[in-house]
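Working notes, structure below.
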There are 2 protein chains.
Amino acid sequence: MATIIDVAKAAGVSKSTVSRVVSGNGYVSKESREKVLKAMADTGYIPNALARHFQSGETKTIGFLAQGYFDTLGVFLETFTQIARNYGYFIHLYFTGGDKQKELDALNLMKYKQIDGVFILTRSNDWETIAAYSMYGPIATWHRIDSPNIYSSYVDHYDGYVMSLNYLYDCGYRKIGHILGSAKNLNTQARLQAIDDFYREKKLALADAWVSTNSNFERSGQVIAKQWAEQDERCDALAFFSDDIAAQFMSSLQLLGYSVPDDVAVIGFDNSRLSELMHLTTVEYSLDKQAVNSFIYIYNALNDKKIPEEPLAVRLVKRLTVQEDFRGHA
Amino acid sequence: MATIIDVAKAAGVSKSTVSRVVSGNGYVSKESREKVLKAMADTGYIPNALARHFQSGETKTIGFLAQGYFDTLGVFLETFTQIARNYGYFIHLYFTGGDKQKELDALNLMKYKQIDGVFILTRSNDWETIAAYSMYGPIATWHRIDSPNIYSSYVDHYDGYVMSLNYLYDCGYRKIGHILGSAKNLNTQARLQAIDDFYREKKLALADAWVSTNSNFERSGQVIAKQWAEQDERCDALAFFSDDIAAQFMSSLQLLGYSVPDDVAVIGFDNSRLSELMHLTTVEYSLDKQAVNSFIYIYNALNDKKIPEEPLAVRLVKRLTVQEDFRGHA
DNA sequence: CTGTTAGCGCATTCAG
DNA sequence: CTGAATGCGCTAACAG
């Protein structure tokens, strides 16, 4: 394996000069540059990335942290990896499986100089605990949180949810059920607010509404299907905080002998690939741009740059799980 | 940031001794070890991974290469990442987007000492082209290929496919359509052989069978749905080489106004999460173990070990897209 | 514009 | 058992 010294000898210059042409830093005369270039080709020289990293103290690598695989992870991972490569960064992947210690281990890698920064897709520890690690490198997430030390490329779910509800209302639905995620989640709180405002504006009785929070566990779709089927007065429509859970719900409902949208309308959230396959009406909120913005934040922090972020937008994706001319069940 | 020298000073020993206790190589007296351990704790010493990598010439990182995201990737990635961590390796992720050059760039990282080995989930270049890079480090894939330089943790799809076909036959289906992947793929060839043997054994007229190869493009599920609907004499059942395409097919069929399994039975292959959600009868063939075996191969090659691989198995997963008592369409 | 020099932090000789 | 010395490959400061 040829090193910088071999090239220097072959070109008849010093290794500093070779280093200069390789890295592009500093002035090099045309003749020297050409001699070096030729010597590099002759010797088949390849800069040793390990040595460069060691020298610079940077790994040009960003950790991507998640508990485990789920549908949305794919989109995110793909976009994030893409943009990172464009800026010369690599992605190191970690699945914690929900293990707090493993998550901390991953965060610790910033201390150990194995990664330069971290993006968190799904976490296990408290945000406070995580935030403490920001002293070792930038941390970003797409979750909506409020911390001075963790960047959040969130989208306010309030607007998207109001959009969903108005759409259901305009289609004729009045008995709407709301399936929400973790009660502590800021987006859940935004949804709660949206529900409040919506019922007030439409002068509907909020007390009658079925609102289910913390439906973000493994099999919650199944559970909700069962609950819905056992209701005395069933909802006409269900608005979900996630396509994934909505898909589980529809899947389970089918087994119970009901069908969507004939027996109940369903609207999801995410516009995941799953939703496309299952014809699920949903809300798209530029996941990809959230990934981009998170990366840009990390990149800016690491390189002292100020690349601007991308604007985010919310959009309703109409498919087949909501009837546009619903006039009430017989 | 404390270095090995700081620890040495604090402990009153040389840095060699510190190195010895940290790495565990060589003899160190009990007293020295304790002094060092205390000094490490006092100074908050953390070995610099960059320096160690530089020193050893290893990155303890394996590249995971794919064109882009798809359902099965999730399972694979999760298992692969898991086992890698257990053996002290990290996963570097690359999406090529089908770009041949980007794939080569990723392979080149082995030369550049940025990764120690590579696992390929979906490729863009010819296997021959890829095999040339095995001189820089071990390469493994789950694809069924025959190359002395690339390890393959494949499962012979022959058995699984015969299992599918026999199941359909036993349920009463006679007009079976076969949707296969790339004609060059060895598994496709195994399926073709399975079809041949099956029709011969059951004394069915092979000439009548609908066999569609190269159905592995972006929207092939939609195309097949259309073709099926336009057939003069429609198949009773369709056997797919992949859950993903089968799911697309069912999804499209629904839009065309047909239903599964009433109008046509469908059997997939992979037992992906998607198949579970869509109640798709399918074949499971221990994807996770393929991931494990691929990693083990890479690990063994890198560390000159001989850890044994895991045995693979094939299993039919009965769900709702095949009627068990099918007696022919009216 | 270019060569010389001095480390980056660690593991590994080699003596003792 | 331990310390001193050496070098991995590269970059950056400095002096020309």
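In segment B:302-309, is there at least one residue being surrounded by 17 or more Cβ atoms within 10 Å (Cβ to Cβ), away from every other protein chain (no Cβ under 12 Å) and not in a strand (DSSP E or B)? Scanning segment B:302-309, I find at least one residue that is surrounded by 17 or more Cβ atoms within 10 Å (Cβ to Cβ), away from every other protein chain (no Cβ under 12 Å) and not in a strand (DSSP E or B), so the answer is yes. Among the numbered conditions (1) in contact with a helix residue (DSSP H, G or I) (Cβ under 6 Å, 6 or more places away or on another chain); (2) closer than 21 Å to A:HIS53 by Cα, the only one that A:GLY137 does not meet is (1). The set of residues in segment B:250-295 being modelled with pLDDT of 95 or more and touching a Gly at 6+ places or on another chain (Cβ under 6 Å) consists of B:LEU280, B:THR282, B:VAL283. Would you be able to tell me the number of residues in segment A:115-131 that are within 12 Å of chain B (Cβ to nearest Cβ) and among the acidic types (Asp, Glu)? Number satisfying all stated conditions: 1.
Check segment B:249-256 and report whether any residue there is more than 14 Å from chain A (Cβ to nearest Cβ) and more than 30 Å from A:GLY68 (Cα to Cα). Step through it out loud before you land on a result.
Filtering segment B:249-256 for residues more than 14 Å from chain A (Cβ to nearest Cβ) gives none.
No, segment B:249-256 has no match at all.
For segment B:18-35, the tally of residues that are under 44 Å from the mean Cα position of the chain (by Cα) and surrounded by 15 or more Cβ atoms within 10 Å (Cβ to Cβ) stands at 5. Taking each residue of segment A:119-141 that is among the aromatic types (Phe, Trp, Tyr) and looking for partners that are not in a helix (DSSP H, G or I) with beta-carbon atoms closer than 6 Å, six or more apart or interchain, yields A:PHE119/A:PHE64; A:PHE119/A:ALA140; A:TRP127/A:ILE145; A:TRP127/A:SER147; A:TYR136/A:MET110; A:TYR136/A:LYS111.
Look at (1) within 9 Å of DNA strand C (Cβ to nearest atom); (2) surrounded by 16 or more Cβ atoms within 10 Å (Cβ to Cβ); (3) among the hydroxyl-bearing types (Ser, Thr, Tyr) and you find that B:SER56 fails only one, number (2). Here A:THR17 meets each of (1) in contact with a Ser or Thr (Cβ under 9 Å, 6 or more places away or on another chain); (2) within 23 Å of B:HIS53 (Cα to Cα) with one exception, condition (2). Filtering segment A:66-83 to residues that are more than 19 Å from A:ASN216 (Cα to Cα) and either without any contact (Cβ under 8 Å) to a residue 60 or more places away in the chain or surrounded by 23 or more Cβ atoms within 10 Å (Cβ to Cβ) (or both) leaves A:LEU77, A:GLU78, A:PHE80, A:THR81, A:GLN82. Within segment B:7-29, restricting attention to residues that are near DNA strand C (Cβ under 7 Å from one of its atoms) and not hydrophobic (A, V, I, L, M, F, W, C), the residue that is farthest from the other protein chains (Cβ to nearest Cβ) is B:GLY26.
I'd like to know if segment A:91-114 contains one or more residues that are more than 8 Å from every other protein chain (Cβ to nearest Cβ) and touching a Lys or Arg at 6+ places or on another chain (Cβ under 7 Å). Checked against the condition, which is being more than 8 Å from every other protein chain (Cβ to nearest Cβ) and touching a Lys or Arg at 6+ places or on another chain (Cβ under 7 Å), segment A:91-114 yields at least one hit. Exactly one of these conditions fails for B:GLY268: (1) crowded, with 18+ Cβ neighbours inside 10 Å; (2) closer than 25 Å to B:PHE198 by Cβ; (3) more than 20 Å from the chain's Cα centre (by Cα). Give me its number. Result: B:GLY268 passes all but (3).
So which residues in segment B:162-187 are without any contact (Cβ under 8 Å) to a residue 60 or more places away in the chain and of a type in the set (Val, Ile, Thr), if there are any at all?
Looking only at segment B:162-187, we keep the residues that are without any contact (Cβ under 8 Å) to a residue 60 or more places away in the chain, and these are B:162, B:166, B:169-170, B:182-187.
The answer is B:VAL162, and nothing else.
Of all residues being charged (D, E, K, R) and not in a helix (DSSP H, G or I) in segment A:175-203, which is farthest from A:LEU238 (Cα to Cα)? Just the residue, please. For segment A:175-203, the residue satisfying everything is A:LYS184. Restricting to segment B:60-73, name every residue that is at pLDDT 90 or above and at the interface with chain A (Cβ under 8 Å from one of its Cβ atoms). Those that are at pLDDT 90 or above and at the interface with chain A (Cβ under 8 Å from one of its Cβ atoms): B:THR61, B:PHE64, B:GLY68, B:LEU73.
The values are calculated or read from the model by the stated rules, or taken from the named source; none is laboratory data. Just so it is clear, the model here is predicted, and its values are computed rather than measured. Positions of Cβ are generated from backbone atoms using ideal geometry, with glycine treated the same way; all protein chains shown enter the neighbour counts.
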